[in-house]
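Here the structure comes first, spelled out in structure tokens, and everything after it is commentary.
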Amino acid sequence: MRKYLQIIDRNRASKWKRLANFVIDRLIFNLIILSIGFAGGLIDRLLDQYYFTEIFLEYSEIARFWDIIITSLIYVVYMFLTEYFTKGRTLAKYITGTKVITIDGENPALKDYFIRNISRIVPFDFLSFLGENGWHDSWSDTRVIDIKEYSTELQRKRDIEEIGSKEIA
């Protein structure tokens with residue numbers, strides 16, 4: 001059981017930053033998918049093979065339901081890998097100065113990132129951030145914090161604890 005730190009709550013990212021993270025990450029994801037399609041089409045054209053074009057055409061003919069499921073799974077994998085390998089920061093989080101940490105102030109483990117990102121498949125999860133915490137935050141015991149505010153408060157706390165301590169030279 002993790003110890004819930006109040007400093008985490010005091011320094012949570014604002015709803016506007018969370019919304020910006022969502023929009024920027026989705027935009028980047030869509031640009032990556034578009035780039036893959038463009039590169040596949042270009043390779044097909046250069047090699048005069050049309051292998052990728054056939055795959056893209058088959059994908060475009062699947063039912064809307066399966067399109068949503070497949071795209072959602074790809075997005076979850078993208079977000080999981082990005083957050084895991086950047087220790088809680090996607091490109092959007094770098095831009096907004098935010099980061100994912102656990103409720104006890106530690107870096108999330110692989111399991112935490114997995115739970116956090118698989119929870120994104122739940123319909124309307126993207127709207128859950130309008131409440132106290134997003135479902136993917138609550139279920140994984142993680143929070144998105146404003147790094148600058150969090151670091152400042154931690155430094156103030158350290159400075160206060162050092163007052164009166166004997167300095168050894």
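Please go through region 6-43 and give me each residue that is among the polar types (S, T, N, Q) and assigned to a helix (DSSP H, G or I), ordered by number.
Q6, N21, N30, S35
Looking only at region 85-94, decide whether some residue is surrounded by 13 or more Cβ atoms within 10 Å (Cβ to Cβ), at positive phi and modelled with pLDDT of 85 or more.
yes
So which residues in region 27-49 are open to solvent by less than 80 Å² (accessible area, probe 1.4 Å) and either more than 30 Å from E106 (Cα to Cα) or without any contact (Cβ under 8 Å) to a residue 24 or more places away in the chain (or both), if there are any at all?
I32, I33, S35, G37, A39, G40, G41, I43, D44
For region 83-111, how many residues are free of Cβ contacts under 8 Å to residues at least 40 places away in the same chain and of a type in the set (S, T, Y)?
Of the residues in region 83-111, 3 are free of Cβ contacts under 8 Å to residues at least 40 places away in the same chain and of a type in the set (S, T, Y).
Of the residues that make up region 37-53, is at least one of a type outside the set (K, R) and under 20 Å from the mean Cα position of the chain (by Cα)?
Within region 37-53, not a single residue is of a type outside the set (K, R) and under 20 Å from the mean Cα position of the chain (by Cα).
Output the residues belonging to region 1-26 that are open to solvent by 80 Å² or more (accessible area, probe 1.4 Å), touching a residue at least 60 places away in the same chain (Cβ under 8 Å) and farther than 20 Å from E83 by Cβ.
K3, Y4, R10
Working only within region 110-162, note down all residues that are hydrophobic (A, V, I, L, M, F, W, C), at pLDDT 80 or above and more than 19 Å from L73 (Cα to Cα).
If the condition is that a residue be hydrophobic (A, V, I, L, M, F, W, C), at pLDDT 80 or above and more than 19 Å from L73 (Cα to Cα), then V144, I145, I147, L154, I160 are the ones that fit.
Table: residues versus (1) assigned to a helix (DSSP H, G or I); (2) open to solvent by less than 40 Å² (accessible area, probe 1.4 Å); (3) touching a strand residue (DSSP E or B) at 6+ places or on another chain (Cβ under 8 Å); (4) farther than 23 Å from R26 by Cα.
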site: F56; (1), (2), (3), (4): yes, no, no, no
site: S72; (1), (2), (3), (4): yes, no, no, no
site: E106; (1), (2), (3), (4): no, no, no, yes
site: V144; (1), (2), (3), (4): no, yes, yes, no
site: K148; (1), (2), (3), (4): yes, no, no, yes
site: L154; (1), (2), (3), (4): yes, no, no, yes
site: D159; (1), (2), (3), (4): yes, no, no, yes
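Just wondering, is there one or more residues in region 61-70 that are open to solvent by 50 Å² or more (accessible area, probe 1.4 Å), part of a strand (DSSP E or B) and of a type outside the set (F, W, Y)?
no
The values are calculated or read from the model by the stated rules, or taken from the named source; none is laboratory data. What you see is a predicted model, and the numbers here were worked out from it, not measured in a lab. Heads up, the Cβs are rebuilt from the backbone with ideal geometry, glycines too, and the neighbour counts pull from every protein chain shown. Remember, those area values only see protein heavy atoms, side chains included, never the ligands or the DNA or RNA. Shrake-Rupley method; radii C 1.70, N 1.55, O 1.52, S 1.80 Å.
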